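Here, each number is a calculation from the coordinates, and none is a lab measurement. Quick caveat: nothing in here was measured; it's all calculated off a predicted structure. Cβ placement follows ideal geometry from the backbone for every residue including glycine, while neighbour counts extend to all protein chains displayed.
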Amino acid sequence: MRKPFIAGNWKMFKNKGDAKRFAEEFSKLYQNKAVDTAICAPFVHLEYLKEAFKGTGIKVGAQNVHHMPEGAYTGEISVGMLKSCNVDYCIIGHSERRQYFGETNEDVRQKIRQLVDNGIKPIMCVGENLEEREKDMQFQVVGRQMSESLVGFTISDLKDLTIAYEPIWAIGTGKTATAEQANEMCALIRGILDGMLGEYIAENTRIQYGGSVKPGNIKELMAQPEIDGALVGGASLIPEDFNNIIEFDK
Ligand code: PEP
């Protein structure tokens, strides 16, 4: 039985004061311990959030990491730096990083290697763009992202992997994939995991849907058998909205 996992992605929003207000309010609201949750925040808030969420069960994630352990890479953040802030999760391969920073499946693979070797749980994002969906190429695109990013890993490496299926055309657009479309892709992803890593990983890996998830559509998405949670952008910025998503089963 996979425990639901709902993570927020703040992207490049919130200054220090906003992060503090959110943490104070959300810590009081979060009661649904039947759902795992995490806030994936900008680097500058990670240490503060770990401290603020102490004892609440709320986990903290980063949104990116560099693929090398250290070196002359001005402006970058290493896995060791994340580890020293006790970060629990890290989003990898978000479509905004692929689109604006040219991240490839090979970069994603190397970043996951850094994370799993250092005990930080990856949330790997995959998903097709609108043109690919309109050409009915979505399964091919996601299949390739999966196989190229996860090649060479063992079952033990990927025991704490989460996959977020995020169709790019649904991110921040207010357009959600239908629950059936999302479920269909999550089933494909689980099948690929089975083929690459076997039944244990396929059955135990949590697959999230992401793309305009709101309090009003989460219930239908979570009712799908292959969807184990959500990666939430915009609606994770407001404590009440994010908590209402987490309380989808109430
Ligand atoms: C995201 O940032 O991963 C995301 C899905 O954003 P939104 O919920 O705003 O569509």
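Things worth noting here:
- Residues whose placed amide H lies under 5 Å from that of Y89, excluding near-sequence neighbours: V60, G61, A62, K121
- Percentage relative contact order, the chain, counting C-alpha pairs under 8 Å, at least six apart: 21
- Centroid-to-centroid separation of region 125-199 and region 53-84 [C-alpha atoms, Å]: 24
- Entry note: region 5-246 has Rg to Rh equal to 0.94, where both radii use alpha-carbon atoms and Rh is the Kirkwood radius.
- FRET efficiency, 1/(1 + (r/R0)^6) with R0 51 Å, evaluated for D249 and M68 via beta carbons: 0.75
- FRET E, pair M196, E47, Förster distance 41 Å, beta-carbon r, rounded to 0.05: 0.70
- In region 153-219, trypsin sites (Lys or Arg not before Pro) in a DSSP loop with at most 13 other beta-carbon atoms within 10 Å: K175
- Working value for region 181-228: equivalent-ellipsoid semi-axes of 23, 9, 8 Å, each the square root of 5 times a Cα gyration tensor eigenvalue, largest first.
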